[in-house]
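Report on the structure given below.
The values are calculated or read from the model by the stated rules, or taken from the named source; none is laboratory data. The shown structure was predicted, so the numbers you read here are calculated from the model rather than taken from an experiment. We place every Cβ from the backbone using ideal geometry, glycine too, and count neighbours over all the protein chains shown. Protein only, heavy atoms only, side chains kept; ligands, DNA and RNA dropped before computing areas. Shrake-Rupley method; radii C 1.70, N 1.55, O 1.52, S 1.80 Å.
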Amino acid sequence: MPVKSIERTPSAHRFPLLIKHLLQNVFSYTPDNEIVYRDQVRINYYTLVERIQSLGRVLESLGVKQGDTVAVMDWDSHRYLECYFAVPMYGAVLHTVNVRLSPEQLIYTINHAEDKVILVHSDFLPLLEAVKDKFETVEKIVLLADGAETRPDTALSLEGEYEGLLASATGDYQFPEFEEETMATLFYTTGTTGLPKGVYFSHRQLVLHTYALVNTLCSFRSAVNVDTGDIYMPLTPMFHVHAWGMPYMFTMLGSKQVYPGRYDPEMILKLLVGERVTFSHCVPTILHMLVNSQVINELDLTNWKVVIGGAALPRGLCRSALGHGINVISAYGLSETCPLLTGALLKPHMLEWNLEDQIPYRCRTGLPVPGVSMRVVDSLGNSLPHDGQSTGEVVFRAPWLTQGYFKDPEKSEELWRDGWLHTGDVGFVDEQGYLQITDRMKDVIKTGGEWISSLLLEDIISQHEAVSEAAVIGVPDEKWGERPMACVVLAQGYEDQVSEEELRNFFHKFVEDGAIAKYAVPDYVRIMDSIPKTSVGKMNKKELRKTFSE
Ligand code: AMP
């Protein structure tokens, strides 16, 4: 029997899911809530929407056509938020440029994305100047300036400065209606090998993703909940996966938002406390920096909720954050997935537990959120049982996953083998339904035919009181293929107080408890001053493997 289609009244409005509709009712509840940029700008929602409309006019006067790509190179700012809305609402594609790429990668992404206009903060002018002779499609450059520096000394030809252009844009701009499948955003993910790959999302996907964030954070009674009264400050760069989609959600909710600009620890702490921020998200590295800073003991952070993603939340870090009153849980996603896939939602009975007992669940990769289908599969694509042990690749379906890599059909097919998005992450699902990622497929340590989870070893060593940060990698070994090596940064005050051998011995307790096999104890522990980080602040294991491959 064919399914029955709904009947459409000819005059019924077919409502496309467009980003502009997220703004539809922002004036109805708390329009006076502020959007704050450092100690420089403070606007309410009326002004935000006005500025978004003016930006529409500016795009028009710059000659931007629907379907063109407009790139942004900025720190986290109210301007970036305005671009998140105005550029896609105009019918153009917003390219959020990773400003920490090498010059070769930067120009590759700008040309590959076919950027027509670039809005660039004055701090990144030298970066752009260095590659300007290799532009293939860029026609216009607009300056984003903080304060007075509206006429910087640059070899680039600038169309004007953002604030000046907005001020001279007149009249109400009406953003058009179009198909919800229209491309809204594009950005590049840098894998461990090869050129950056572009991922892209439609209006429909971003709207559904926004709803999914609301479903996850506002509906379940869990350890971390948010509502319109929360005060939001991102601590991940806005070029990375739409700052996890949170700016769209908090704008739709009409919450107060705080944008910290260039990452300057002093400014971040000042805003955190001064603006009474209640919700942030970041990679573990940032939380780690904060809980290890000198001033942490002078701050009251008991109203601060933090979602950690981008990498696993080690138990040691979770414990010290909770110790400072920071309410922290983990979540999981990829550039390819918009990003939300799973969140470490605590179930009602777990909320009754003391904090120490909650830690393993706060650090779980999480439960799939509404709208997400998840499977863990073996190498033949068969689903594995949810027994807390059977480990395989984690694959997903959801309405908001990139439908491919931009202009790369071959890699797109690889990503979407069998109609499931292949994450390249391995893990298991426990009896309670929680996913635990144990490794990236390329980071897993293969020793004598067995697999060792580098994340589990990091989680263990993070619990040693002398350890501040740790990354575990596989190093080549003639007999076993690979052997684990732990690279460790010591906590302040423990320098010269603990030996590499003592740290190695710490793993033995976990062998006795049955948490790891004897062969998983790292052969080597190296105490280092710091661990190299990637362009988005994650531990750079590729770099570590290169350093220690001999
Ligand atoms: P990216 O596309 O740069 O955001 O990186 C996505 C990758 O980060 C995933 O494939 C995972 O390997 C890793 N990742 C993100 N969140 C988590 C998490 N909560 N636990 C473990 N790994 C994570």
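What the table shows:
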read-out	value
For residue 226, distant residues with modelled amide H under 5 Å away	218
For the chain, alpha-carbon Rg and Dmax in angstrom	23.8, 78
Segment 479-550, accessible surface, carbon-and-sulfur percent (1.4 angstrom probe)	47
Separation of alpha-carbon centers, segment 477-524 and segment 266-343, rounded to whole Å	27
Within the accessible area of segment 240-282 (1.4 Å probe), percent carbon and sulfur	58
Residue among 95, 3, 416 farthest towards the positive dipole end of the chain, charges placed on Cβ	3
Taking segment 52-114 and dividing mean pair separation by its residue count, relative contact order in percent (alpha carbons under 8 Å, at least six apart)	37
Relative contact order (%) - segment 350-412, alpha-carbon pairs under 8 angstrom, separation at least six	24
Segment 17-116: radius of gyration over Cα atoms, expressed as a fraction of 2.2 N^0.38 Å	1.18
Rounded to whole Hz, the Karplus (6.51, -1.76, 1.60) HN-Hα couplings of segment 120-128, x for glycine and proline	10, 5, 4, 4, 9, 4, x, 4, 6
Whole-Å semi-axes of segment 271-374's equivalent ellipsoid (Cα gyration tensor)	23, 17, 12
HN-Hα J in Hz across segment 481-492 - Karplus 6.51, -1.76, 1.60, θ = phi - 60°, x for Gly and Pro	x, 9, 9, x, 9, 9, 9, 10, 10, 7, 6, 4
Distance between segment 15-60 and segment 365-420 - C-alpha centres, whole angstrom	35
Evaluated at q = 0.13 Å⁻¹: base-10 log I(q)/I(0), Debye formula over Cα of segment 90-218	-0.70
Candidate aspartates and glutamates for bridging to residue 256, where Cα separation is under 13 Å - those fewer than 8 sequence places away on the same chain excluded	32, 34, 227, 230, 275
Distance violations [Cα-Cα > 31 Å] among 305/446; 197/509; 305/538; 134/446; 407/541; 132/407	305/446; 197/509; 134/446
Trypsin sites (Lys or Arg not before Pro) restricted to DSSP loop in segment 34-80 with at most 11 other C-beta within 10 Å	65
Listed residues 398, 250, 294: farthest to the positive end of the dipole of the chain (Cβ charges)	398
Average accessible area per residue (Å²) across segment 63-157 - probe 1.4 Å, nucleic acids and ligands excluded	35
Viscosity 1.567 mPa s, 4 °C: Kirkwood-radius Stokes-Einstein D of segment 504-548 over Cα pairs, µm²/s	103
R0 of 51 Å, Cβ-Cβ distance residue 25-residue 500: FRET efficiency to nearest 0.05	0.30
Length added when fully stretched, residue 12-residue 349, from 0.36 nm per residue minus Cα-Cα	116.7 nm
Distant-in-sequence amide H partners of residue 235 (H built 1.01 Å from N, under 5 Å)	281
Column: log10 I(q)/I(0), Debye, Cα scatterers of segment 217-344, q = 0.11 Å⁻¹	-0.34
Three-way shape label, segment 405-550, alpha-carbon gyration tensor, a/c 1.5	prolate
